[in-house]
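Every read-out reported here was derived from the displayed coordinates using simple, explicitly stated rules and does not represent laboratory data. Worth saying up front: this structure is predicted, and the values here are computed from it rather than measured. Glycine gets a Cβ as well: all are built from the backbone with ideal geometry, and neighbour counts include every protein chain shown.
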Amino acid sequence: MLKDHILDGFALNLNIRYLPYHYPAACLGQSSVLRRANLYRARWIVQPDDANTPIAAYDTFEGQVQVMPGSYLWGFQLNQFDALFALVAAADVIFQVTDACTGVPLLSDYASGAGFTTFSAAAGVDFHGGVAPHLLTQPRLIMAPGLLNVEIANRAVAAMRCQLLLFFAEPCVVLEEKLAGGAA
Amino acid sequence: MIVPCGPKDPMHCFERGPETPVGGAVAVAPIPPTIVAAPVDFGLWAGRGDAVGTSYPPAAYSGIPSRGQGGRRSMNMQTGSSRDRSAYTVPPNPFTQCLYREQGLWTEIAANGGLTKLCCPSMPGKGDPPPWVAMPSEGRRYQQIGSILLPIAEGADNLVTTFQVPTGYDGVIVSIVNMYTGAGFVEGSGDLHYRIQINRRWLKDYGDIQTTLGTVASPCMIYRGGVKLRTQEVVQYWVQLGAGALGRLDPTGRLVCAFFGWFYPQV
């Protein structure tokens, strides 16, 4: 069955090259159902909340985020900042995200932020650090209670600042009905 | 993971067919969407009609009222009350229903004990502690002890001991040791910095230990649970001498570090 083209931010993103076997295009193909679903809205969550939260040398930041059960995590990106909050190469930061309910991690091991940053040392608008955000091969369903554990480790010998940005599609639920259900 | 909706196309997502029984004994009702019918006032989204709103169970799908002045897609603030509930409700389209179906599938799996129950019948039964809390009968204890002479350089990390989790096993560290056998060390002075590293990350709260923890005869317990390890992870105990430490520490002393715990087959 032929369907209309999806018109969303990805379709309008000129940085995505819709070529065969390219990763972003393949991921978007796997996200087709989610992109066409009408009762989901975007929700972006950062950890740590405050970009001015330094992670001490040899230390690990641990946080937990809560989303509506039934949300889909479809992408993420990680950026590291210097003391003036300018982007720098995310060479010192590694991170892991784990579903708090199932204990299943998003990644098989901590992953370097260098692969998921928007930073690029090259100048010019066409030389950014890859397509942002980094897309998952398939959107990942987050079931009840909708909690994700976030760990961001600093490998450097000095404190550093960074933020992990998680991209969710969250189901629309009416608050008053939810509250009524909770009261019952 | 998005489950393919059916042999036809996503339009048939919400057509209820018999679910594949996953647990046998436990009967689970067909999947009702967890989000119930409800109205919403999304005045700022006027005109979209397809972006936000309220989901309805499929059974109620056909009876959803739409806006009188031209249906759902003519949501116009001038043609009706913005507080009219029926004006701002949108039924789930087939793709949303496809996602609901996936959630229903996972709800059903969870109701039958989850994936570990279905795929790993060797998992501890109800009431049994998980293998990272109490060593199962098929577990293997380990105690990894290492020592080095006082390093001759300050400000550099020196590896004291290391081990790797065997392939196919997970593990847990339940107690550790880091100590100095010579004279001259003052606890917390910064002369010695012990660090535990797992693969490329420093273990939280154990990345810069400046005090002695336990002895080989009486290791320091990691309270309120151990450190879980995954298969093939490399665990390392490092030590670094602080500035001026060589002038204060007995050069014949040794630095001793150790890990204690067990491995268990992956579940």
Cβ-derived FRET efficiency at R0 56 Å, B:Lys117 paired with B:Ser189, nearest 0.05 | 0.60
Paramagnetic reach from B:Glu154 in region B:213-248 [backbone N under 15 Å; point 7 Å along Cα→Cβ] | B:240-248
Calculated FRET efficiency for the pair A:Leu147/B:Tyr142, C-beta based, R₀ 45 Å, to 0.05 | 0.90
Once the mean of 1/r over all distinct C-alpha pairs in chain A is inverted, the Kirkwood radius in Å reads 17.9
What ³J(HN,Hα) values, in whole Hz, does the Karplus curve 6.51 cos²θ - 1.76 cosθ + 1.60 give for region B:105-113 when θ = phi - 60°, with x put for Gly and Pro?
-> 4, 6, 5, 5, 4, 4, 5, 9, x
Applied in sequence order to region A:100-105, the curve 6.51 cos²θ - 1.76 cosθ + 1.60 (Karplus, θ = phi - 60°) yields integer Hz couplings, x standing for Gly and Pro, of 5, 6, 9, x, 7, x
Spin-label pair A:Ser112/B:Gln210, simplified geometry with 7 Å Cα→Cβ offset, distance in nm | 3.1
Can you tell me the Rg and Dmax of region B:140-265, counting just the alpha carbons, in angstroms?
-> 14.4, 47
Where does region A:50-143 land on Rg/Rh, using Cα atoms and the Kirkwood Rh?
-> 0.98
Expected vector for region A:17-34, Karplus 3J(HN,Hα) from phi with 6.51, -1.76, 1.60 and θ = phi - 60°, integer Hz, x for Gly and Pro, equals 9, 7, 10, x, 6, 7, 4, x, 5, 5, 5, 5, x, 6, 9, 4, 5, 5
Most fluctuating residue of A:Gly146, A:Gly115, A:Gly29 in a GNM of chain A with Cα springs under 10 Å: which is it?
-> A:Gly29
Additional length obtainable on full extension of the chain from A:Ala91 to A:Val157, 0.36 nm per residue less Cα span = 22.5 nm
Rounded to a whole number, the mean other protein chain Cβ count within 10 angstrom for residues of B:197-205 is 6
When only DSSP loop residues count, what chymotrypsin sites (Phe, Trp or Tyr not before Pro) in region B:164-267 have their Cβ near at most 15 other Cβ atoms within 10 Å?
-> B:Tyr223
Evaluate the distance, in nm, between pseudo-label points positioned 7 Å from the Cα of A:Tyr18 and of A:Ala57 along their respective Cα→Cβ axes.
-> 5.0
Sequence-distant or interchain residues sharing an amide H contact under 5 Å with A:Ser120, placed H: which?
-> A:Gly129
Label point distance in nm, A:Ala121-A:Val104, each placed 7 Å from Cα along Cα→Cβ = 3.9
Take peptide A:158-171, look around each residue's Cβ out to 10 angstrom, count Cβ atoms belonging to other protein chains, and average those counts.
-> 1
